[in-house]
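The values are calculated or read from the model by the stated rules, or taken from the named source; none is laboratory data. Please read these numbers as outputs of a predicted model, since none were measured by experiment. So basically every Cβ, Gly included, is an ideal-geometry build from the backbone, and we count neighbours across all protein chains shown.
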Amino acid sequence: MDAAQISVTVGGVGVIGFILWFFFGPRQATAARAGAGGVQEVEVLVRGGYTPDRIEVTQGRPVRLTFLRQESNACTEQLVLSDFGLSRVLPEGERVSVEFTPDKAGEFTFHCGMNMVRGTLVVKPA
């Protein structure tokens, strides 16, 4: 192998490592803020994904997730929180609130109707 081949190989491995880290690396959770009546609140922007895509709440306290969909992609027009038996339609440009009280701790996935766009709800024990 000459120097050019080694450089290309090292560069390729570096790019692959960056891509793996970017898409599959650890994500910082966004903690819910306390709202009126002790409700844990988080606003989630829906545009090519969920922002934030990792949300942290406390078990046994009411949660209000407010989704604002700013895209016309048909994939994201439905929200599913199957572990909590919830599903909502997210009309483009409208805020839609989902309210529930998580009764179990753990990590739970929320996703679009096609299960392609995903987020994680982290429920911490009280």
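For the stretch 26-50, enumerate the residues that are modelled with pLDDT under 95, polar (S, T, N, Q) and not in a loop (DSSP other than H, G, I, E, B).
Listed by number, the list holds a single entry, THR30.
Against the conditions (1) free of Cβ contacts under 8 Å to residues at least 24 places away in the same chain; (2) crowded, with 17+ Cβ neighbours inside 10 Å, where does THR76 fall short? Just the number, please.
THR76 satisfies every listed condition except (1).
Being closer than 17 Å to GLY48 by Cβ and more than 12 Å from the chain's Cα centre (by Cα) is the filter; apply it to the stretch 97-114 and report the residue that is surrounded by the fewest Cβ atoms within 10 Å (Cβ to Cβ). Steps first, answer last, please.
The initial filter retains those residues of the stretch 97-114 that are closer than 17 Å to GLY48 by Cβ, namely 110-114.
Filter again for more than 12 Å from the chain's Cα centre (by Cα), leaving 113-114.
Details: GLY113: 16, MET114: 13.
By that ranking, first place goes to MET114.
Got a sec? Which of ARG69, ARG61 is more than 15 Å from the chain's Cα centre (by Cα) and surrounded by 12 or more Cβ atoms within 10 Å (Cβ to Cβ)?
Of ARG69, ARG61, the one residue that is more than 15 Å from the chain's Cα centre (by Cα) and surrounded by 12 or more Cβ atoms within 10 Å (Cβ to Cβ) is ARG61.
Output the residues belonging to the stretch 81-96 that are outside any loop (DSSP other than H, G, I, E, B) and surrounded by 18 or more Cβ atoms within 10 Å (Cβ to Cβ).
The initial filter retains those residues of the stretch 81-96 that are outside any loop (DSSP other than H, G, I, E, B), namely 81-84, 86-89, 92, 95-96.
Listed by number, the residues that qualify are LEU81, PHE84.
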